[in-house]
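First the structure, then my questions, so here it is.
The values are calculated or read from the model by the stated rules, or taken from the named source; none is laboratory data. Remember, predicted model here, so these are calculated numbers, not experimental data. Note that we place each Cβ from the backbone using ideal geometry, even for glycine, and neighbour counts take in every protein chain shown.
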Amino acid sequence: MASAWAATAFGMAFAGMLGIYLQMRSATLADGGEWLGDVTIPLTPPNVMMATLVMSAVTAHWAHYAIVRNDRVNAYVAMGLTIVFGVAFVNSQGFLYSQMGLVVADSAQAMLVYAITGTYLAMLGIAMLYLAVTAFRALGGQFTPTQHDTVTGAVLFWDATVAIFGFIWIAIYIAK
Amino acid sequence: MAVTDTRPDTTAEGAPDAPATPRPDPVVAALGSGDHKVVGRLYLVFALVLALAVTFVTTTLGYERIDQSGFDLYATDTYFQVSTLTATSTVFLVLLRCCSASPCTVVPLQIELGASATRPRRRRSGATWSRARWSWPATPSTAVPAGATPWRSTSGSSRSASSSPPCCWRPSACSRRSSSTARRMSLFRVPLFTWSMLVAGAVWLLTLPVLLGALVLAYVDHRYGRLVFGNFDIWFYVHWTLRAPQVYAYAIPAVGIIAEIVAVMGGVRQGRHRVMMALIGFFGAMGVGAYTVTAYTPGHDLYDDWMWIVMGIAVVLPLLGLVGGWADTVRRGRPRLHSSLLFAVVAVLLLLVGAVAGAAAVIEPFELVGTTWQQGQAQLVVFGTFVAALAGIFYWAPKIGGRPLGEGFGRLTALVFFGGVLLLAGGNLAAGFPDQVDHLLVSTQEGFTGVVEVDDTVEIANGASMVGAAVVTLGSFLVLANVLASYLGRRDEDPGDDPWGGHTLEWATASPPPRDNFDEVAMVTSPAPLLDEREPAGDEEEGDDR
């Protein structure tokens, strides 16, 4: 329950940030201006990042499926893979930052993009930490097929993290 | 070598007795406690002290605003920084904290949560200290011209900690499978106060993170050149939290507190329990104002926003329904004029007037948007909620501190608050009709020097508002003095565990409750289990409560 509400709270925070971002973008375009101007954000890295997170959602649910059936080896592998996908996402985001050609202090658009994506990285870090702690507790022998609320909470929070990036992907990288 | 020896019997005759566990220092025990009751008391103390400070500063600001020909007490920049500080502190440091004091203590008792629920208590303790730690730097940081950056960081931390208590007691209120809760306790049998806190927690968790998101953007912008919000525009993205409809989200606990007090002081069961729950839920839904995060920005006409107009008018409906339910309860019973009931009546009147003023604000021909009318309307709702929170403190004082608060003192304080808030908010309402602009919105214009031309009528209204702020400050002092005198003074008589004839489970245990709250788990068959023991439920309530 607490994980669900925390995920909802994060979702609302990003809804606020994206709302402000889209409102400013809309006002700029309505005035006849260009939002990102000459800046070109390559599409491939964000698409790969989205696909990576979708795969990580599958592995997260694989971990939950395994723990429900008391298949601990699969649960460990799945949780580990999910965290690896998270690390891969962070690596991709760093690469995208280097390719975007945006400097944070150069324009309002750059500041907004870095603020939103940077905050998302923080949320992803929290999700990875939550999953890592859950994995260590599973390795320590906790969680049974009937009592695995922490795993459920971690997977639910991971799902929310993936869903939120979907909105960021569309609002920032697709719409541009 | 295998360890197979049996340990010597340490309790054998002649062996020394185990040393008694030393009692912890009271201050250390309070600061490090995970007991929800201790945390509730800490919330109460912090809230009352901060209320006194904030209302005093509000009085000084009211003095500056009387004629607006210049600034006597503050420098121009400092005045606006302190104005935003008091506006946000009133809600986030005083009101939400005061609204957390009673729930922290009472909600686990109302659902008979036993000692096994320790994990939520540690988070509540952490939330208390996180908010306490971050509120102090916020105060002096706005007194210097470059104070905006520290204000943003500390207020953001304070607001993030504000959402932490709902995360703690909401799982408790939602849980029906815990073996330490009352048997047969269901969601439809929780007391109205617990239900209102459930609704409030949900609404706060849905809306306040939007503010946090805006503050994150503001902080990054301020750090890297102020390209988006500049020096002033961030106020438009914070302003919505202090205006309708979001301001009604803070009033949700108030209706729950009033519902509890009216039924008990009336001496009768609250009728139509599920209808009252639905009305509280509807009222809570009308407080979801996060969609207005961009609505107060320049160039955006609020009168084009149909949702804002509909919610501004619709919020009156559940409030009227609740008032009708309470009036029916009072009509059927024999009300006792206890100070908590007096506070509750004052709160109801202020909330009703505030809701009607909010409905008037959405009527376009009146042109009240951007004027001090909106400020006065918000003050009615905010201070009405504060008065309701004080009603809860007076009502649950035996559970919070072990003894009731001073009764005569309490009645006087209720009347002081009634007059003070009416003057404070009424002055702003009266000044708003001749279109006195909301001071902080005007201040965002480039080249603004702090001087605004006002006529004599507006000056008189502003003066009344200042007097009202001073009276509210006096009321805050009276409450704090009452609390300190009652809890630190000599105990003359034992009022008993249930001095009011309560209906709900918190009155089934000692005052104050022991560490583990309850010795045995009760069987609950209605939202008023103690009243069931004294009298059977009437036929008309059976369908609602079972």
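Against the definition (surrounded by 14 or more Cβ atoms within 10 Å (Cβ to Cβ), out of contact with any Lys or Arg (no Cβ under 6 Å at 6 or more places or on another chain) and either under 17 Å from A:Ala135 (Cβ atoms) or of a type in the set (Ser, Thr, Tyr) (or both)), how does A:Ile83 come out, yes or no? Talk me through it step by step, then tell me what you get.
Numbers: surrounded by 14 or more Cβ atoms within 10 Å (Cβ to Cβ): yes; out of contact with any Lys or Arg (no Cβ under 6 Å at 6 or more places or on another chain): yes; either under 17 Å from A:Ala135 (Cβ atoms) or of a type in the set (Ser, Thr, Tyr) (or both): yes.
Taking the combined requirement at face value, the residue satisfies it.
Name the residues in segment B:201-243 that are among the basic types (Lys, Arg) and in contact with a helix residue (DSSP H, G or I) (Cβ under 6 Å, 6 or more places away or on another chain), would you?
If we filter segment B:201-243 for residues that are among the basic types (Lys, Arg), which is where we start, we get B:223, B:226, B:243.
Residue satisfying the conditions is B:Arg243 alone.
Report yes if some residue within segment A:147-167 is over 18 Å from A:Val58 (Cα atoms), buried (at least 20 other Cβ atoms within 10 Å of the Cβ) and aromatic (Phe, Trp, Tyr); otherwise report no.
no
Spot the failing condition for B:Thr385; the list is (1) polar (S, T, N, Q); (2) under 21 Å from the mean Cα position of the chain (by Cα); (3) farther than 18 Å from B:Ile280 by Cα, and only one is missed.
(3)
So, one more: Restricting attention to segment A:39-80, report how many residues are in contact with a His (Cβ under 8 Å, 6 or more places away or on another chain) and farther than 21 Å from A:Leu129 by Cβ.
Here the count works out to 1.
Also, quick follow-up: Report yes if B:Gly256 is surrounded by fewer than 20 Cβ atoms within 10 Å (Cβ to Cβ) and not hydrophobic (A, V, I, L, M, F, W, C), otherwise no.
Values: surrounded by fewer than 20 Cβ atoms within 10 Å (Cβ to Cβ): no; not hydrophobic (A, V, I, L, M, F, W, C): yes.
Taking the combined requirement at face value, the residue does not satisfy it.
Something else now. With touching a Phe, Trp or Tyr at 6+ places or on another chain (Cβ under 7 Å), surrounded by fewer than 23 Cβ atoms within 10 Å (Cβ to Cβ) and either more than 14 Å from chain A (Cβ to nearest Cβ) or hydrophobic (A, V, I, L, M, F, W, C) (or both) as the only criterion, which of B:Ala295, B:Ala314 stands out?
Being touching a Phe, Trp or Tyr at 6+ places or on another chain (Cβ under 7 Å), surrounded by fewer than 23 Cβ atoms within 10 Å (Cβ to Cβ) and either more than 14 Å from chain A (Cβ to nearest Cβ) or hydrophobic (A, V, I, L, M, F, W, C) (or both) holds for just one of B:Ala295, B:Ala314, which is B:Ala295.
Quick one: which residue in A:Ala115, A:Ala15, A:Ala110, A:Ala9 is within 14 Å of chain B (Cβ to nearest Cβ), touching a Pro at 6+ places or on another chain (Cβ under 6 Å) and surrounded by 15 or more Cβ atoms within 10 Å (Cβ to Cβ)? Before you say what the answer is, go through the steps one by one.
Values: A:Ala115 fails: touching a Pro at 6+ places or on another chain (Cβ under 6 Å); A:Ala15 fails: touching a Pro at 6+ places or on another chain (Cβ under 6 Å); A:Ala110 fails: touching a Pro at 6+ places or on another chain (Cβ under 6 Å).
Result of the check over A:Ala115, A:Ala15, A:Ala110, A:Ala9: A:Ala9.
Restrict the check to segment A:124-135 and report whether at least one residue is away from chain B (no Cβ under 14 Å), farther than 25 Å from A:Thr40 by Cα and polar (S, T, N, Q).
For segment A:124-135, residues away from chain B (no Cβ under 14 Å), farther than 25 Å from A:Thr40 by Cα and polar (S, T, N, Q): present.
Based on what the data block shows, is A:Val68 of a type in the set (A, V, I, L, M), more than 18 Å from A:Ala163 (Cβ to Cβ) and in contact with a Phe, Trp or Tyr (Cβ under 9 Å, 6 or more places away or on another chain)? Even if it seems obvious, please write down each step before you answer.
Working: of a type in the set (A, V, I, L, M): yes; more than 18 Å from A:Ala163 (Cβ to Cβ): yes; in contact with a Phe, Trp or Tyr (Cβ under 9 Å, 6 or more places away or on another chain): no.
Here the answer is no, as A:Val68 does not meet what is asked.
Looking only at segment A:18-60, count every residue that is surrounded by fewer than 17 Cβ atoms within 10 Å (Cβ to Cβ) and within 21 Å of B:Ala290 (Cα to Cα) and tell me the total.
Final tally of qualifying residues: 4.
Further, regarding this structure: Residues that are closer than 17 Å to A:Asp159 by Cα and touching a Leu at 6+ places or on another chain (Cβ under 6 Å): does segment A:14-36 have at least one? Talk me through it step by step, then tell me what you get.
Filtering segment A:14-36 for residues closer than 17 Å to A:Asp159 by Cα gives A:14-15.
Then drop every residue that is not touching a Leu at 6+ places or on another chain (Cβ under 6 Å), which leaves none.
Looking through segment A:14-36, none of the residues is closer than 17 Å to A:Asp159 by Cα and touching a Leu at 6+ places or on another chain (Cβ under 6 Å).
Could you check segment B:278-292 and list, in sequence order, the residues that are buried (at least 23 other Cβ atoms within 10 Å of the Cβ) and farther than 26 Å from A:Ala13 by Cα?
Once the filter is applied, which keeps residues that are buried (at least 23 other Cβ atoms within 10 Å of the Cβ) and farther than 26 Å from A:Ala13 by Cα, segment B:278-292 yields only B:Leu279.
If you don't mind, there's one more thing I want to ask. Counting only residues that are among the charged types (D, E, K, R) and outside any loop (DSSP other than H, G, I, E, B), how many does segment B:258-269 have? I'd like the intermediate steps shown before the answer.
Here is the first cut: in segment B:258-269, the residues among the charged types (D, E, K, R) are B:260, B:269.
Now narrow it down to the ones that are outside any loop (DSSP other than H, G, I, E, B): B:260.
Number satisfying all stated conditions: 1.
Within segment A:67-80, can one find any residue that is in contact with a Ser or Thr (Cβ under 6 Å, 6 or more places away or on another chain) and more than 14 Å from every other protein chain (Cβ to nearest Cβ)? First the steps, then the outcome.
Step one: of segment A:67-80, the residues in contact with a Ser or Thr (Cβ under 6 Å, 6 or more places away or on another chain) are A:78.
Then keep just the ones that are more than 14 Å from every other protein chain (Cβ to nearest Cβ); that gives A:78.
There is at least one residue in segment A:67-80 that is in contact with a Ser or Thr (Cβ under 6 Å, 6 or more places away or on another chain) and more than 14 Å from every other protein chain (Cβ to nearest Cβ).
Continuing with the same structure: For the subset of segment B:185-227 comprising residues that are among the small types (Gly, Ala, Ser) and not in a helix (DSSP H, G or I), which member is nearest to the other protein chains (Cβ to nearest Cβ)? Reasoning before the result, please.
Filtering segment B:185-227 for residues among the small types (Gly, Ala, Ser) gives B:186, B:196, B:200-202, B:213-214, B:218, B:225.
Next cut, not in a helix (DSSP H, G or I) only: B:186, B:225.
Numbers: B:Ser186: 16, B:Gly225: 5 Å.
Ranking the qualifying residues of segment B:185-227, first place goes to B:Gly225.
Same structure again: For segment A:96-104, check the following and say yes or no: at least one residue is closer than 22 Å to B:His222 by Cβ, surrounded by 15 or more Cβ atoms within 10 Å (Cβ to Cβ) and within 14 Å of chain B (Cβ to nearest Cβ).
Looking through segment A:96-104, at least one residue is closer than 22 Å to B:His222 by Cβ, surrounded by 15 or more Cβ atoms within 10 Å (Cβ to Cβ) and within 14 Å of chain B (Cβ to nearest Cβ).
Matching residues to (1) touching a residue at least 40 places away in the same chain (Cβ under 8 Å); (2) facing chain B (nearest Cβ under 8 Å):
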| site | (1), (2) |
| --- | --- |
| A:Trp5 | no, yes |
| A:Leu22 | yes, no |
| A:Asp31 | no, no |
| A:Asp38 | no, no |
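Among the residues of segment A:1-49, which ones are over 15 Å from A:Tyr120 (Cβ atoms) and either within 14 Å of the chain's Cα centre (by Cα) or among the polar types (S, T, N, Q) (or both)?
A:Ser3, A:Thr8, A:Gln23, A:Ser26, A:Thr28, A:Thr40, A:Thr44, A:Asn47, A:Val48
Can you confirm whether B:Leu61 is surrounded by 19 or more Cβ atoms within 10 Å (Cβ to Cβ), more than 30 Å from B:Trp195 (Cβ to Cβ) and at pLDDT 80 or above? It would help to see each step written out before you state the result.
Details: surrounded by 19 or more Cβ atoms within 10 Å (Cβ to Cβ): yes; more than 30 Å from B:Trp195 (Cβ to Cβ): yes; at pLDDT 80 or above: yes.
Against the criterion (surrounded by 19 or more Cβ atoms within 10 Å (Cβ to Cβ), more than 30 Å from B:Trp195 (Cβ to Cβ) and at pLDDT 80 or above), B:Leu61 qualifies.
So that you can scan it fast, the table gives a plain yes or no per residue for (1) over 30 Å from the mean Cα position of the chain (by Cα); (2) assigned to a loop (DSSP other than H, G, I, E, B); (3) at pLDDT 85 or above:
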| site | (1), (2), (3) |
| --- | --- |
| B:Asp497 | no, yes, no |
| B:Gly502 | no, yes, yes |
| B:Ser511 | no, yes, no |
| B:Arg515 | no, yes, no |
| B:Glu520 | yes, yes, no |
| B:Leu530 | no, no, yes |
| B:Pro536 | yes, yes, no |
| B:Glu540 | yes, no, no |
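Just give me the residues in segment B:228-257 being under 19 Å from B:Leu302 (Cα atoms), assigned to a helix (DSSP H, G or I) and of a type outside the set (A, V, I, L, M, F, W, C), in sequence order.
Our first condition is that a residue be under 19 Å from B:Leu302 (Cα atoms); within segment B:228-257, this holds for B:233-248.
Narrowing the set further to residues that are assigned to a helix (DSSP H, G or I) leaves B:233-237, B:239-242, B:246-248.
Result: B:Asp233, B:Tyr237, B:His239, B:Thr241, B:Gln246, B:Tyr248.
For segment B:220-241, which residues satisfy the criterion of being surrounded by fewer than 24 Cβ atoms within 10 Å (Cβ to Cβ) and closer than 16 Å to B:Thr84 by Cβ?
Correct list: B:His222, B:Phe229, B:Gly230, B:Asn231, B:Phe232, B:Asp233, B:Ile234, B:Trp235, B:Phe236, B:Val238, B:His239.
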